[in-house]
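Only the coordinates and a few stated rules stand behind these numbers; no lab work does. None of these values were measured; they are calculated from a predicted model. Backbone-built Cβ (ideal geometry, glycine too); neighbour counts: all protein chains shown.
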């Protein structure tokens with residue numbers, strides 16, 4: 001018995017439902033670059049992609065031919081919720097954050113910035129942990145407590161760019177980085193910083209801390225290991241105890257050495273970069289388009305806003321009307337094309353053609369009888385089908401006769417040459433012909449035809 005071939009099953013398909021619910025619900029982002037491509041904008045875009053890991057397209061390939069519509073069209077399939085654009089103009093550099101698919105959009109002017117490599121190289125003790133980028137950073141907002149609408153919108157936009165944290169069941173081992181946004185009301189500027197978080201035990205000497213963390217101690221200046229633990233002069237001013245405000249009580253068991261559950265620890269931040277200073281310039285209702293809800297330089301009255309809204313509504317209605325006319329024309333042309341196609345396929349009916357040919361033949365026979373006074377020959381008046389068949393028969397006979405005459409003429413020519421020159425002469429002629437051909441292509445004669453040298 002032949003086994004039945006298994007069909008495709010959605011339940012058994014390994015490519016379906018591979019992503020967890022936590023991953024699909026997390027906010028994803030596209031970070032792209034537009035405008036002039038010179039300067040450090042490419043490196044800044046790459047550093048910001050590194051900051052937004054892991055929920056971002058790290059190796060996103062973008063070309064000059066790509067438009068914003070191309071990224072928006074694939075955003076839904078990839079669960080992308082935010083679009084970040086770095087643009088360079090002759091005036092300066094701008095940073096835009098848009099909520100997909102329909103906005104709003106916030107436009108910031110980058111007053112100054114520092115790349116990640118510059119920030120890390122300026123530190124005395126550099127700390128870059130690659131494992132920290134496997135989890136999204138913690139967002140911290142400072143001084144975003146204004147009651148204005150654009151400040152609330154800006155705070156909610158930055159918060160929604162990163163996954164939410166449930167304080168009841170959060171794992172502290174997963175929080176390895178943080179992004180700090182500090183708003184200065186006096187200058188109206190936002191300081192953007194990126195840090196890596198390190199938790200160290202408190203109340204332990206430097207020697208004990210090194211041994212606990214698994215570092216090899218340097219005993220070259222000590223006579224005994226006890227001297228290494230008790231020597232207070234080893235501590236420098238930069239390695240003294242931190243501010244008591246940074247001390248916390250750890251309620252969970254941490255992976256890092258030296259930190260005990262329900263024990264005192266200190267939080268240390270090491271900057272990773274990039275570093276930016278932003279200023280909010282504009283807030284738009286749509287995605288890179290729509291009603292301007294806030295502008296830093298231009299302030300319009302209510303009458304001007306109503307007039308702008310009327311113009312937008314008229315343009316939108318005109319666009320919809322043109323689209324409807326275009327759709328109607330498209331349907332009409334498709335119907336006309338289908339109708340002409342059916343007419344061409346249908347053609348003229350066969351029955352009418354046969355009737356007309358028979359009537360014409362009967363008229364010709366009757367006319368011959370009246371004029372001549374006798375019956376016409378059988379093959380004098382033929383139908384269209386009969387004439388075609390007769391012509392094809394004649395052509396076949398002509399081709400056959402032509403082939404027979406060609407073969408007969410060839411045989412007669414050979415017989416005439418045979419009688420005139422004989423069989424030996426004809427074969428000798430063929431041999432001479434082949435030798436001449438060999439000489440032309442550079443081959444030697446047959447050994448029998450070589451000329452002997454005369455004897456002296």
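What is the packing order of peptides 71-84, 329-342, taking the mean over residues of other C-beta atoms within 10 Å and listing the highest first? Display every interim value, and only then the final one.
Working: 71-84: 15.9, 329-342: 9.9.
Those peptides, ordered most packed to least, come out 71-84, 329-342.
The label point for residue 296 and the one for residue 172, both projected 7 Å from the Cα toward the Cβ, are 3.9 nm apart.
Applying a 10 Å radius around every beta-carbon, put 163-169, 117-123 in order of their mean neighbour count, most first. Before the final figure, lay out the partial values.
On the way: 163-169: 8.9, 117-123: 13.6.
Those peptides, ordered most packed to least, come out 117-123, 163-169.
In this label model, residue 91 and residue 363 are separated by 8.5 nm, measuring between points 7 Å along each Cα→Cβ vector. Multiplying the residue separation of residue 336 and residue 225 by 0.36 nm and removing their Cα-Cα distance gives an extension gain of 30.1 nm.
When you count the other C-beta atoms within 10 angstrom of each residue and take the mean per peptide, 23-30, 139-146, 269-276, 311-318 line up highest first as 269-276, 23-30, 139-146, 311-318. Projecting label points 7 angstrom from Cα along Cα→Cβ for residue 188 and residue 125 puts them 4.1 nm apart. Overall, the anisotropy analysis places the stretch 94-167 in the prolate class: the square-rooted eigenvalues a ≥ b ≥ c of its C-alpha gyration tensor yield a/c not less than 1.5, with a/b exceeding b/c.
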